[in-house]
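Comments concern the structure below.
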Amino acid sequence: MRQVQLLVNASHFKGKHFISMRDYNREELDFILDTADQMVELEKQGSDLCKSKVLASMFFEPSTRTRLSFETAMFRLGGNVTTVADPKTSSAAKGETLEDTIKTIQNYADIIAMRHPDNDAALRAAKVAMVPYINGGSGSWEHPTQTMLDLHCIRYAKGGMDGLTIGMVGDLKHGRTVHSLLLALRHYDVKVKLIAPEQLKMKPDVIEGTEGKIEIEEVTDLKKTLPELDLIYMTRVQKERFPDPADYDKVKNSYILDKALLSKGKRDVVVMHPLPRVNEIATDIDPLPNAWYFRQVKHGIYARMAIMGLALGVL
Ligand code: NCD
């Protein structure tokens with residue numbers, strides 16, 4: 001029988017939305033990551049590939065890295081940016097629906113990157129968007145561009161994902177970055193340890209989304225699991241997602257990784273974090289070669305240049 005092979009090339013992504021890690025196979029992820037490799041040089045040189053293109057960057061939730069990195073990525077591609085950084089100043093504050101906002105914005109922009117507090121915002125927006133819509137974080141659902149930068153960083157830190165034992169630590173229930181990351185990792189030869197207190201365990205539908213393709217173990221003890229890990233992905237307990245602040249207080253200090261604890265791990269264990277950190281990584285780790293979280297940020301530029309460049313059909 002003839003094998004049907006999906007041939008991924010740049011035109012495959014042209015005009016497409018970027019919403020969820022559920023939508024991608026390994027070939028597609030690797031293609032985007034290889035494209036991000038090419039962006040490393042382009043970022044240094046600058047380019048005019050997106051000359052006359054406009055990104056609308058719409059952030060209805062706080063953001064430092066994601067918004068600035070989308071915008072910087074567009075500038076590095078030679079394009080322009082129009083932005084909503086404070087929801088109070090947009091018409092959403094007057095009661096405009098998300099759908100109407102998108103139908104309006106697409107008249108101004110060639111591509112939209114949006115962050116929104118609702119879990120279903122990305123899917124709702126993508127349904128009406130006539131220009132490529134990039135999910136920059138949708139409630140506690142998913143944050144797929146963060147995953148592309150995480151994977152790109154892992155390739156730099158560890159040479160690739162295959163063969164790694166990866167620990168995700170902290171608020172796995174509300175953390176959208178770990179939802180997207182776990183879904184993407186189903187395509188690689190990895191073992192994943194999900195390290196969280198009972199109240200913050202990974203959402204079952206995300207585990208189901210990995211389709212049984214990878215070995216996943218759910219545990220609560222970071223200290224005990226640490227020696228097995230090649231990579232520790234720390235996360236912040238997502239205060240803003242707790243209806244009752246007392247519940248947040250109970251779990252906010254569940255895991256604190258400091259130099260003493262890290263010394264129990266492999267010598268070359270890599271520490272990543274999507275940032276911002278609160279107190280889950282002590283600053284005594286910052287000067288160590290294991291600390292990748294600030295270098296990780298840079299990969300956001302490469303990944304978002306690749307994602308937007310492909311969606312706009314300029315790469
Ligand atoms: C994350 C987010 O917004 O989900 N931050 C980011 O985009 N780098 C993580 C977080 O807020 O904890």
Rounded, prolate or oblate for segment 144-297? Axes are the square roots of the Cα gyration tensor eigenvalues, ordered a ≥ b ≥ c, and the cut-off for rounded is a/c under 1.5.
rounded
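If each residue's Cβ is checked for other Cβ atoms within 10 Å, how do Leu149, Leu226 rank with the fewest at the top?
On the way: Leu149 28, Leu226 21.
Lowest count first: Leu226, Leu149.
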In the chain, whole DSSP H helices that both stretch 15 Å or further along their axis by alpha carbon positions and average at least 0.0 on the Kyte-Doolittle scale are 293-311
Which residues qualify? For Gly313, with a placed amide H closer than 5 Å and at least 5 residues away or on another chain, they are Gly15
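About its Cα centre, how strong a charge dipole does segment 144-297 have in debye, to the nearest 20, once Lys and Arg get +1 and Asp and Glu get -1 at the Cβ? Spell out each step's value before the answer.
Numbers: 23 positive and 23 negative charges, 60 e Å.
Computed charge dipole of segment 144-297: roughly 280 debye.
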Interchain or sequence-distant (5+) residues whose placed amide H lies within less than 5 Å of the amide H of Ile134 are Phe18, Ile112, Ala113, Met114
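Grab the DSSP H runs of the chain that are 4 residues or longer, score each as -39,500 (n - 2.57), total them, divide by all residues and round the 222 nm result to the nearest 500 deg cm²/dmol. Kindly include the intermediate steps, with their values, before the conclusion.
Details: 11 runs with 113 residues, N = 315.
That calculation yields -10500 deg cm²/dmol at 222 nm.
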Where the centre of each part is set by its Cα atoms, how far does segment 207-270 sit from segment 95-143, in angstrom?
30
In what sequence, highest mean first, do 106-113, 210-217 appear when ranked by Cβ atoms within 10 angstrom?
106-113, 210-217
Relative contact order (percent, whole number), the chain, Cα cutoff 8 Å, 6+ residue spacing
21
Rounded to the nearest 5, what % of the DSSP beta bridges within the chain are antiparallel ones?
5
Interchain or sequence-distant (5+) residues whose placed amide H lies within less than 5 Å of the amide H of Ser47 are Gly78
Mean separation of Cα contacts under 8 Å, 6 or more apart, over the residue count of segment 144-297: relative contact order %
24
Table column - 3J(HN,Hα) (Hz), segment 212-224, Karplus curve with 6.51, -1.76, 1.60, x for Gly and Pro
x, 7, 10, 7, 10, 10, 9, 9, 10, 9, 5, 4, 6
Set Lys and Arg Cβ to +1 and Asp and Glu Cβ to -1, take the dipole of segment 236-300 about its Cα centre, and tell me which of Trp292, Pro245, Leu257 lies farthest positive.
Trp292
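For segment 262-315, which trypsin sites (Lys or Arg not before Pro) pass both filters: DSSP loop (anything but H, G, I, E, B) and at most 11 other C-beta atoms within 10 Å?
Details: sites: Lys264, Lys266, Arg267, Arg277, Arg295, Lys298, Arg304; in loops: Lys264, Lys266, Arg267, Arg277.
Those satisfying the criteria are Arg267.
Any idea what the relative contact order of segment 27-186 is, in percent, if you count C-alpha pairs under 8 Å spaced at least 6 apart? Please report the intermediate quantities before stating the final value.
Numbers: 233 pairs, mean separation 30.7, N = 160.
Relative contact order of segment 27-186: 19 percent.
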Computed on Cα atoms, Rg of the chain relative to 2.2 N^0.38 Å comes out at 0.98
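FYI, it's all coordinate maths here, none of it is from the lab. In this text, all values refer to a predicted model and were calculated from it rather than measured experimentally. Because the Cβ atoms are built from the backbone with ideal geometry, glycine has one as well, and the counts that use them run over all protein chains shown.
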